[in-house]
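No value in this document is a laboratory result; all are computed from the given coordinates. Nothing here was measured: the structure is a model prediction, and the numbers come from that model. Cβ placement follows ideal geometry from the backbone for every residue including glycine, while neighbour counts extend to all protein chains displayed.
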Amino acid sequence: MRFYFLVLFFLLMINTVFSQNLDYTLEDRERLVRVEEGLKSLNIQMNQRFEALESSINRRLDNLNTFMLWGFGILFTGMLSLVGFTLWDRRSMLSPVIRKSQELEDENRRIKEILREYAHTDEKLLNVAKKVGLL
């Protein structure tokens, strides 16, 4: 019998343990509303900070893009000016050499012409000119 009383006692105790008082009071509701409002304001603040951060990053990327374009422009301008300078320098350096070469060729041609003309009057010079292949 004692056993039955103990079992009955435990069964009744279990029911009371599982029962909960779920009174949803006005204070709980107000607290929940305050929490929701706090979450909304926090969400708005976070969105504003993300937008500010995004605009800051976009501005920095635009500045970096502009800087790189200017850098490449200056680099290519320098390279083209260097190529232009070397071409100008080669032409200005070669023109005196070409002129001097033409002068020497003209002088050589005149000397050969003089020797040919003079070889017809001098017999020794005529023999030497024939040996050398001048005539």
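Observations
- Of all aspartates and glutamates in the structure, the ones whose alpha carbon falls short of 19 Å from that of K100, not counting any fewer than 8 places away in one chain, are D89.
- Estimated vicinal HN-Hα couplings, Hz - the range 34-50 in sequence order (Karplus 6.51, -1.76, 1.60; Gly, Pro = x): 5, 5, 5, 5, x, 5, 5, 5, 5, 5, 5, 4, 5, 4, 5, 5, 5
- Length gained when the stretch F72-S101 is fully extended (0.36 nm per residue, less Cα-Cα span): 6.1 nm
- One chain, two ends: V132 and V33. Fully extended at 0.36 nm per residue, the span grows by 23.6 nm beyond their Cα-Cα distance.
- Set against the 2.2 N^0.38 Å expectation for a compact globular protein, the range 66-134 has a Cα radius of gyration ratio of 2.41.
- Relative to the current alpha-carbon distance between L82 and I44, full extension at 0.36 nm per residue lengthens the span by 8.0 nm.
- P(r), alpha carbons of the range 29-96 - 10 Å bins starting at zero, rounded %: 17, 18, 14, 13, 12, 10, 7, 5, 3, 1, 0
- Applying 1/(1 + (r/R0)^6) with r as the Cβ-Cβ distance of E113 and R91 and R0 = 30 angstrom yields a FRET efficiency of 0.40.
- Of all lysines in the structure, those lying under 27 Å Cα to Cα from K124, and not within fewer than 8 positions of it along the same chain, are K112.
- For the range 74-85, putting each phi into the Karplus relation 6.51 cos²θ - 1.76 cosθ + 1.60 with θ = phi - 60° gives couplings of 5, 4, 5, 4, x, 5, 5, 5, 5, 5, x, 5 Hz, in residue order, rounded to whole numbers and with x for Gly and Pro.
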